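Notes for the one structure printed next.
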Amino acid sequence: MTRLPAQPGEVIDRSRPVDFTWNGQAMSGFAGDTVASALVAGGVRVVSRSMKYRRPRGYISNDYWDPNGLVQVGDEPNVRSAHRLIEPGMAVEAQNVWPSLERDLRAVTGLASRFLTAGFYYKTFMRPAWLWPTYEKVLATFSPGGRIDPDTPHRYHDKRYAHPDVVVAGGGPTGMAAALAAAGAGARVLLVEHCHRLGGHLLWGDEHDRALAAELAAAVETAGVEVLVDSTVAGRYEDNWTGIVQRSHPVAVERLVKARAKVLIVAPGLIERPYVFDGNDKPGVMLSGAVRRFVNMYAVRPGSAAVLFTANPDGDAAAIDLERAGAEVTVVDARRGEGIVRALGGSKGVEGVVLADGRRLDCDLLVTAAGWTAPTSLLNMSGDRPVYDEAAARFFPSVSIGNVLATGGLAGDGTLDELIEHAMATGRLAAARARAVSHRLQAATARAVPVNGEEPEWPVDERPDLARDPHPALFRSTTHGVVDFSEDVSSKDMVGAAAEGYDSVELLKRYTTATMGPSQGKLETVNTVAVLAEARGQTIAEVGTTVWRPPYAPVTMGALGGRLFEPVRVSSIHPWHEANGAVFMLAGQWIRPDHYGDPAGEALNTRQNVGIMDVTPLGKLDLRGPDVPQLLSHLYTNKWMKLAVGSVRYGIMCGEDGVILDDGVTGRIGDQHYMMTTTSSGAATVWEWAENWLQTEHPDWRVHVTPVTSGYTSINVAGPKSRTLVRRLVGDVDLDPEAFRYMQVRTATVAGIRDCFMWRIGFTGELSFELHVPAGHGLTVWEALLEAGEDLGIRPFGVECQRIMRLEKGHFIVGQDTDGLTKLPAVGMPHLLKLDKPDFAGKPELTWALDDTSTPVLVAIQPTDPSVVPDEASQIVRPGTDEIIGRITSSRMSPTLERSVCLGQVLPEVSRPGSELTVVMIDGRRITARVMEHHAHIDPEGERVRG
Amino acid sequence: MKQRPPRYSAARLVSRAARKRVWPRVWREAPLRNSYDVVVIGGGVHGLATAYYLAANHGITNVAVLEKSYLGSGGSGRNTAILRSNYLTPEGVIFYDRSLDLYRTMAIDLNMNVMFSRRGHITLAHSDASLRTMHWRAEVNKLQGVDSSVIGPADIKKLAPVLDTSSHPRYPILGALYHPPGGIIRHDAVVWGYARGADTLGVEMHQKTEVVDIKVTGGDGPGGKGPGGRVTGVRTNRGDISAPVVVNCTAGWASLISDMAGVKLPISTRPLQAAVTEPVKVFLPVVVVSGTLHVYVSQTARGELVFGASVDPYNTYNIRGSLEFTEGTAGHLLELMPGISRMRLLRQWAGLCDMTPDYSPVMGFTPVEGFLCDVGWGTYGFKAGPVSGEQMAEAIATQRTPDLIGPFSLSRFERDALVGEKGAAAVGH
């Protein structure tokens, strides 16, 4: 409809038509069209509705930042339609309109706009209070944006680490020139361009511009510069860590490229600033750059009768472009003191304009070229605070940052030649500084190969300063208009808010939400500051600007999340468990059998015959070196200096606050070789804990700590017949009770597998052997045990059975029966606390804790009614009150005793054996229970384990 | 006698607009005087609430709140605005529940719509161990009269359909602690509401007024500061102020401010990061927290997802965001709700958290007479703002420590009587 004949610089491929839909209606464009250009070519003028007043909106800046151009594409919300290219079959819809884009019934708010000034909601909807939830729901219907489908999967996103010397943000003329110069000086360069092709503003310029763009792009291609188009340097973080979002990747939906740039060159160009006047958000009011892109790149004429308000050569060029495209153009020149005050027109868009001199002109396109905003985001993120230059009417960087260099429009103005010269100098400087940084990095890194040469001198910035072209300070006309298009905030709103005391730029931003919408203030920030300055009678420089925070452009959660690498771990016996009816549970990263269908039966069988359990997740640390006893003495609260070879000891570790951190056994396998086990969930923590002491406090201790949890498959063989069973598979160890006693360790050959070790311990309370088998042979040994134990009544058992049995035996579990405040004295094991040791982790706190009589202690508890099992976490209260004096930490029905058994924490005053307790069940019932004499409900003397 | 400002209401909104009358300043600007009865350092929720309740509950109105930047520029404007009272210890539950009460009636009490959305709060359990902790919290909560219970995956899916409750391999959603009275609020409006309320009662708010020293005499330390001394006033970038009572309501710099009085605090300062996405139509009607995945998320009335994680694992005063935070948190959120993959992160930021060893605050009197602290609020200060202000005001007015804040006294570190909120508070937003 408004598609022009072929334009010399067009980027569309007329030989490849592309069909798509707009709000369900068939549309057509060409390959290379953006959604915006295809829509406007098809005669579409209104593409969205404003957030609050539901005013119809058309394209204003026609680029990625266009606040009016957000659309829904399939299941993807908030797609930048002036950036996204059309694809065959694409379903594009207007967002957040009800019932339709043409007739949005919520536009009634527009009628009340006089009352609905910014922040009006803080002043109303308060009474009656019970109605607030309803108000809330109504307000929520005004929330802007598209919609997500909760069932959309997270598709394939990827990440990559890049290692360039120089990252150049911006692929316009200066970005390309800087990249070329840096590459020419020997740097590895990554050039990142936000749009779909290199060229920047040259792409919509005249033939000289386009020729230069082509020349530079060709040079970049042959210079060995890596180029990422349709990609954005989204953030610059500490030490030039840059996050780059690559939107068009052949395989991944998006890819996050992370690079530690030795030097970052920031060359994003300038963003055209809207002009604030009455009606400035009517469809058909556009920025000069928007018009030039439509006409020159996409051969689309956005209007036929144009009024063009210009203050700069870019606006003048837009007039020429429009005339060439066959539009009538009336120029209103700000430099001659002319001005515009009001756009006229209804819901279909602009129909005319009132000039400052009172004249009224008809038009269907109102173009403004009122000045520029410097997108200094990446410099802000590097610590720069831009300063306003009154003569040039825009902000400039104020700080010199060694490894972040600005060029192009951020740095100043000039002819293209001057700008390119500055950019080349920037590229050379960047390459030289990258070399210096590289040298420093090498020198700071411990390396076997010495660094060659002296540190080069830090290259001095000798770039010529770019001039700053004077520009009229045009922000707001004599009428009020929209300042923030995303948030529907007018200059009137801002003036009112400032008068109410929200008169610093941060308060104003928070109160009116200006600059906080999807365009992140790219178009609005300077106007916001200017309006506030005017309202306060201050200069723009005095008001200052807001802090631009990362990201530079919004980044999808998918790109940030990437592929979700969340490993799960299974033991080598896992396939057997799967094939034999195991019901699994998740324990940290481990998937392990909870039971095999009958945990109580598994427990009874283990007490009577023999059972085997896969305990591979048990944390295992191989400790070697002459100073292992020192380390053990420091980590555990008991004594370790005299542990004999072949012996095993139980220990508890506490943090420096005296709180129990972990527990487990450690055995001495050889003279300078120990094996430590930790709880399954504590394996990583204990390793870090040990390394922390070794690396920071005792680097002199000669100890190697190697985590070997997955290196061994661990099998617990428990039950009165366990010795008989183990004897059938182990020939090289004397298993006689006197020769291999409780709490001893032996290396052994088990079922023909050498280099196993086994120890006699007893978490279940039964005679038991814990076998640690080189992981590759775990399944072999497991199956050999099952086969050899068939006549002994062998059955596998799972975590649930183990929990039952350990509770019957009164063994606590760190983190379940203890909590973040439980110190060692609370668990009733005074023999494990050896305060006469020179030092150990937690010693001072534990010394004090001994005197503490106010914190809960661990006790065994049995409900009066043996059939009642209070849920874990049931609270224990003072009788007749709700005052909490303890809680049940573990509870189970004991198949052995045929009664409920518990562990719990209670205040010392009720911890004596025989004390009666009131337990509040989860359903609210209150039951009585009794504190037991021993933690162990079964075999308190430990005869079974020692058997 | 200062004139009372007009009240906010729909009727006045219409009538003033019709008569084109501009609303008066939300709080007035007064010249800084050289003497006040009470000086509050820090113009965030805690400082403003303290000042407001001093005036409202105790008639102490000769009060100045000093803020080095703009009101609400610190943690009050940087948090994720989640409110709840389903804590782990009875002390914690009672304390935060009082805060929730004050938040519930705040819109009417302060005549400012702070938009408290009591939408419900769920804390997910991905393992039987965390499910056990949820039960523990629920039982403690119930005994304190707080609405809190453990719900299963089917109920969770009803509350938040976007959550992946399938038998996920790594982080299955086994259950959740459901706390219906929890929700989110417009945090800036809370700041402005207290400031406006305090202003109405005669309290002065001074922005861009930085305390550079605290004047103490008679103390054991250098310059007469420290234990045994008494406070006489503060020195600011705008001149000296004498005051018999000085309250430290700062965050991020609490230990440095207390150092000025010679009071040492067991505080280390760490950044806490947060981020917000672009808006989409509302799909998440409850607050969702996962302690295991270190993430909490809610969707504002404007449709943005606001989320955060646990504090960064290092001490610094740097408040720049990191890429690792956004990567890690996005990944964790996608584990829970893959459907948000195409939403875009719009902005990230950081604030400073003053961490104490037991994840509980330091409140009340200090060894320097007249110098009080309401600090060490870690990552949970915003939700405690109202009750802290109320209790601090009571402490100042009555010269004794109210029961509610007794457990949080500075002296607990000498008595080794730490508070057991670490588990529930660490990532317990």
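How about segment A:81-93: which of its residues are outside any loop (DSSP other than H, G, I, E, B) and either in contact with a Pro (Cβ under 9 Å, 6 or more places away or on another chain) or away from chain B (no Cβ under 13 Å) (or both)?
Across segment A:81-93, the qualifying residues are A:85, A:91, A:92.
Condition first: within 14 Å of another protein chain (Cβ to nearest Cβ), part of a loop (DSSP other than H, G, I, E, B) and touching a helix residue (DSSP H, G or I) at 6+ places or on another chain (Cβ under 9 Å). Can you find one or more residues in segment A:824-845 that meet it?
Yes, the conditions are met somewhere in segment A:824-845.
Given B:66, B:100, B:54, which one is in contact with a Ser or Thr (Cβ under 8 Å, 6 or more places away or on another chain), within 30 Å of residue A:885 (Cα to Cα) and either assigned by TED's automatic domain parsing to the domain that holds residue B:377 or surrounded by 15 or more Cβ atoms within 10 Å (Cβ to Cβ) (or both)? First the steps, then the outcome.
Details: B:66 fails: within 30 Å of residue A:885 (Cα to Cα); B:54 fails: within 30 Å of residue A:885 (Cα to Cα).
It is B:100.
Name the one entry in A:486, A:490 that is in contact with a strand residue (DSSP E or B) (Cβ under 6 Å, 6 or more places away or on another chain) and within 14 Å of chain B (Cβ to nearest Cβ).
A:490
Give me a count of the residues in segment A:524-568 that are in a loop (DSSP other than H, G, I, E, B), in contact with a strand residue (DSSP E or B) (Cβ under 7 Å, 6 or more places away or on another chain) and away from chain B (no Cβ under 13 Å).
Going through segment A:524-568 one residue at a time, the tally reaches 2.
How do the helices (runs of 4 or more DSSP H) wholly within segment B:16-128 filter down when requiring 3 or more residues that are more than 25 Å from residue B:183 (Cα to Cα): which remain?
The qualifying helices (runs of 4 or more DSSP H) are B:45-58.
As an exercise: evaluate residue B:389 against (1) in a helix (DSSP H, G or I); (2) surrounded by fewer than 21 Cβ atoms within 10 Å (Cβ to Cβ); (3) not polar (S, T, N, Q) and give the number of the one condition it does not meet.
The number of the failed condition is (2).
Being over 29 Å from residue A:719 (Cα atoms), within 12 Å of chain B (Cβ to nearest Cβ) and not charged (D, E, K, R) is the requirement here; does residue A:913 meet it?
Considered against the rule, which asks whether it is over 29 Å from residue A:719 (Cα atoms), within 12 Å of chain B (Cβ to nearest Cβ) and not charged (D, E, K, R), residue A:913 comes out as no.
Go over the candidates A:929, A:860 one by one and state the one that is farther than 22 Å from residue A:824 by Cα, touching a residue at least 12 places away in the same chain (Cβ under 8 Å) and outside any loop (DSSP other than H, G, I, E, B).
The match here is A:929.
When only residues in segment A:636-650 that are surrounded by fewer than 22 Cβ atoms within 10 Å (Cβ to Cβ) and touching a Leu at 6+ places or on another chain (Cβ under 7 Å) count, which is nearest to the other protein chains (Cβ to nearest Cβ)?
A:638
Pull up segment A:833-853, narrow it to residues that are aliphatic (A, V, I, L, M) and surrounded by fewer than 16 Cβ atoms within 10 Å (Cβ to Cβ), then point me to the one that is nearest to residue A:639 (Cα to Cα).
The selected residue is A:835.
Considering every residue within segment B:27-40, establish whether at least one is more than 12 Å from chain A (Cβ to nearest Cβ), hydroxyl-bearing (Ser, Thr, Tyr) and touching a residue at least 24 places away in the same chain (Cβ under 8 Å).
The answer is yes; a qualifying residue exists.
Restricting to segment B:153-169, and then to whatever is in contact with a Leu (Cβ under 8 Å, 6 or more places away or on another chain) and surrounded by fewer than 20 Cβ atoms within 10 Å (Cβ to Cβ), can you tell me which residue is farthest from the other protein chains (Cβ to nearest Cβ)?
The residue in question is B:153.
Which count do you get for residues in segment A:490-508 that are surrounded by fewer than 24 Cβ atoms within 10 Å (Cβ to Cβ) and under 34 Å from the mean Cα position of the chain (by Cα)?
Count: 4.
Pick out the one residue from A:259, A:306 that is more than 18 Å from residue A:200 (Cα to Cα) and within 14 Å of another protein chain (Cβ to nearest Cβ).
A:259
Search segment A:217-238 for residues that are within 22 Å of residue A:553 (Cβ to Cβ) and pair each with any residue that is hydroxyl-bearing (Ser, Thr, Tyr) and not in a strand (DSSP E or B) when their beta-carbon atoms are under 7 Å apart and the residues are at least 6 apart or on different chains.
Taking only residues 6 or more apart or on different chains, the pairs are A:230/A:248; A:232/A:552; A:233/A:552; A:234/A:552; A:235/A:552; A:236/A:382; A:237/B:322.
Given the residues A:724, A:677, which is the only one that is over 15 Å from residue A:747 (Cα atoms), touching a residue at least 60 places away in the same chain (Cβ under 8 Å) and assigned by TED's automatic domain parsing to the domain that holds residue A:771?
On inspection, the qualifying residue turns out to be A:724.
Could you list, in sequence order, all residues of segment A:690-714 that are more than 17 Å from residue A:648 (Cα to Cα) and assigned to a strand (DSSP E or B)? Before the answer, list the steps.
Taking segment A:690-714 and keeping what is more than 17 Å from residue A:648 (Cα to Cα), we get A:690-713.
Matches in segment A:690-714: A:704, A:705, A:706, A:707, A:712, A:713.
Okay, residues lined up against (1) of a type outside the set (Lys, Arg); (2) buried (at least 18 other Cβ atoms within 10 Å of the Cβ); (3) within 11 Å of another protein chain (Cβ to nearest Cβ):
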site: A:138; (1), (2), (3): yes, no, yes
site: A:143; (1), (2), (3): yes, yes, yes
site: A:157; (1), (2), (3): yes, yes, yes
site: A:163; (1), (2), (3): yes, no, no
site: A:177; (1), (2), (3): yes, yes, no
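Going residue by residue through segment A:725-746, is there one that turns out to be at pLDDT 95 or above, among the hydroxyl-bearing types (Ser, Thr, Tyr) and not in a loop (DSSP other than H, G, I, E, B)?
Within segment A:725-746, not a single residue is at pLDDT 95 or above, among the hydroxyl-bearing types (Ser, Thr, Tyr) and not in a loop (DSSP other than H, G, I, E, B).
For segment A:578-597, name all the residues that are surrounded by 15 or more Cβ atoms within 10 Å (Cβ to Cβ) and out of contact with any Ser or Thr (no Cβ under 8 Å at 6 or more places or on another chain).
Hits for segment A:578-597 are A:582, A:584, A:585, A:589, A:591, A:593, A:594, A:595, A:596.
Report yes if residue A:46 is within 30 Å of residue A:115 (Cα to Cα) and outside the structural domain of residue A:517 (by TED's automatic domain parsing), otherwise no.
Details: within 30 Å of residue A:115 (Cα to Cα): yes; outside the structural domain of residue A:517 (by TED's automatic domain parsing): yes.
In short, yes.
May I ask you to list the residues in segment A:1-21 that are in contact with a helix residue (DSSP H, G or I) (Cβ under 9 Å, 6 or more places away or on another chain) and closer than 17 Å to residue A:294 by Cβ?
Matches in segment A:1-21: A:1, A:2, A:3, A:4, A:7, A:8, A:9, A:10, A:11, A:12.
Would you check which residues across segment B:152-196 are small (Gly, Ala, Ser) and either free of Cβ contacts under 8 Å to residues at least 12 places away in the same chain or over 24 Å from residue A:566 (Cβ atoms) (or both) and list them?
Across segment B:152-196, the qualifying residues are B:154, B:166, B:167, B:182, B:183, B:189, B:193, B:195.
Just to be sure, is residue A:585 more than 26 Å from residue A:785 (Cα to Cα) and either of a type outside the set (Phe, Trp, Tyr) or within 14 Å of chain B (Cβ to nearest Cβ) (or both)? Break it down stepwise before answering.
Values: more than 26 Å from residue A:785 (Cα to Cα): no; either of a type outside the set (Phe, Trp, Tyr) or within 14 Å of chain B (Cβ to nearest Cβ) (or both): yes.
No.
Return yes when residue A:512 is outside the structural domain of residue A:395 (by TED's automatic domain parsing) and surrounded by 22 or more Cβ atoms within 10 Å (Cβ to Cβ) and no when it is not.
Details: outside the structural domain of residue A:395 (by TED's automatic domain parsing): yes; surrounded by 22 or more Cβ atoms within 10 Å (Cβ to Cβ): yes.
Considered against the rule, which asks whether it is outside the structural domain of residue A:395 (by TED's automatic domain parsing) and surrounded by 22 or more Cβ atoms within 10 Å (Cβ to Cβ), residue A:512 comes out as yes.
Residue A:153 passes all but one of (1) within 7 Å of chain B (Cβ to nearest Cβ); (2) loosely packed, with under 15 Cβ neighbours inside 10 Å; (3) under 16 Å from residue B:10 (Cβ atoms); which number fails?
(3)
The values are calculated or read from the model by the stated rules, or taken from the named source; none is laboratory data. The shown structure was predicted, so the numbers you read here are calculated from the model rather than taken from an experiment. In this analysis, Cβ positions are derived from the backbone assuming ideal geometry, glycine residues included, and neighbour counts consider all displayed protein chains.
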